[in-house]
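Read the figures in this text as sums done on the coordinates, not as results from a lab. All figures in this text were calculated on a predicted structure; none of them were measured in a lab. Cβ placement follows ideal geometry from the backbone for every residue including glycine, while neighbour counts extend to all protein chains displayed.
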Amino acid sequence: MEKDIIYMHSSEKMHELEDKSINLVVTSPPYNINNVYGNRTREGRKIESKGVKYADNLPEEEYRRMLGAVFSECRRALTDDGSIWINIKSRYDGKRILPPFWICDYFPDMFLKNIIIWNFDWGGSTNTRFAPRYEFVFWFTKDATNYKFNLDAVKIPALNYRPDRYKSQMKNPSDVWKIPMISGNFLERTGHPAQYPEKLVERIVLAASDKGDTVLDPFMGSGTTGAVAKRLGRRYIGYEIVPEYVEMANARISGQGAPEDDKKR
Ligand SMILES: C[S@@+](CC[C@H](N)C(=O)[O-])C[C@H]1O[C@@H](n2cnc3c(N)ncnc32)[C@H](O)[C@@H]1O
């Protein structure tokens, strides 16, 4: 099975993947929020802006069917101790919030271990309700007890621990993660309009896989998952339907250096 590759076709069929060959799936599916990403509005009118665009507006039934096919392929390809991490957010139809808990319906035979709240400071503004400043990451394992969780690799400094009481000055980072959203002036920013941060993927890859493991992203976009997997000594496989994004992701991943800190892990 070929690794360190991005296939340019829909992940509804990932026939290149052998059964039980993927250790970890990290992904952010299209949200189907009726956006043409990359466009902005001014005074209520859509205006063109920079970046490669994609339409995130499938009919709801088609969207749910597509996700069902992709997740079923992910489960087939997952090792027995593997896990699936999905970043998704609530939708807002102009009147009410539509939370994404329906995602759990796709994994009745898997084990939901955490719903991570990814909290950030930056985003759209509104004066009709509180400004939304979090997204979810759902973590499902294939087995209830036999799964990878390298807690030591992701512990954070415990600033308020008394040294005389606690040997370790490091602690579990909890299920609320404060990680900045990618803004226009971030070094890792690409032309993809719905990029997730490397820091978010980094914590998942370190916690839920080992060096040499294979990480799959069925919605690869600008290649964030691949770039992080490679930098941390893992292999990657991606799927993406927009040719410009595949090109962007390959360029990004091949130009990726390994910062000194990551070489030690
Ligand atoms: C939310 S974006 C992922 C962004 C990515 N996490 C990043 O950091 O750049 C979803 C991506 O899925 C792609 N996509 C949509 N439907 C797909 C399908 N059926 N198969 C593969 N890719 C698909 C879109 O073109 C888009 O780039």
DSSP beta bridges in the stretch 18-211 [antiparallel fraction, %, rounded to 5]: 75 percent
Solution diffusion estimate, µm²/s, Stokes-Einstein, the stretch 137-212, Kirkwood Rh from C-alpha pairs, 10 °C, viscosity 1.306 mPa s: 105 µm²/s
Principal semi-axes in Å for the stretch 169-231 [√(5λ), Cα gyration tensor, largest first]: 21, 17, 9
Phi to ³J(HN,Hα) by Karplus 6.51 cos²θ - 1.76 cosθ + 1.60 over the stretch 139-145, Hz, x for Gly, Pro: 10, 10, 10, 6, 10, 5, 10
Inter-probe distance in nm under a simple model that places probes 7 Å from Cα toward Cβ, at Ser90 and His15: 4.2 nm
13 Å beta-carbon shell around Ser28, net charge (K/R +1, D/E -1): -4
Equivalent ellipsoid semi-axes, the stretch 55-120, via Cα gyration tensor eigenvalues times 5, rooted, Å: 23, 17, 10
Residues with amide H under 5 Å from that of Met170, placed H, sequence gap 5 or more: Ala158
Gly223 long-range amide H proximity, modeled H, under 5 Å: none
Among 97-110, 182-195, 68-81, 16-29, the order from most to least packed when residues are scored by Cβ within 10 Å on average: 16-29, 68-81, 182-195, 97-110
Between the stretch 212-247 and the stretch 114-141, the Cα center-to-center distance that results, in Å: 24 Å
Alpha-carbon Rg/Rh ratio, for the stretch 135-265, with Rh computed the Kirkwood way: 1.00
Kirkwood Rh, angstrom, the chain [1 / mean 1/r, Cα pairs]: 19.5 Å
Rg(Cα)/(2.2 N^0.38 Å) for the stretch 94-157, N = residue count: 1.50
Percentage relative contact order, the stretch 18-211, counting C-alpha pairs under 8 Å, at least six apart: 23 percent
Amide proton proximity set for Val215, modelled H, under 5 Å, gap of 5+: Arg235, Tyr236, Ile237
Karplus-derived 3J(HN,Hα), 6.51/-1.76/1.60, for each residue of the stretch 165-175, Hz, glycine and proline x: 9, 10, 5, 8, 9, 10, 9, 4, x, 6, 9
Lysine-lysine proximity count for the stretch 151-265, Cα under 16 Å, sequence distance 8 or more or distinct chains: 13
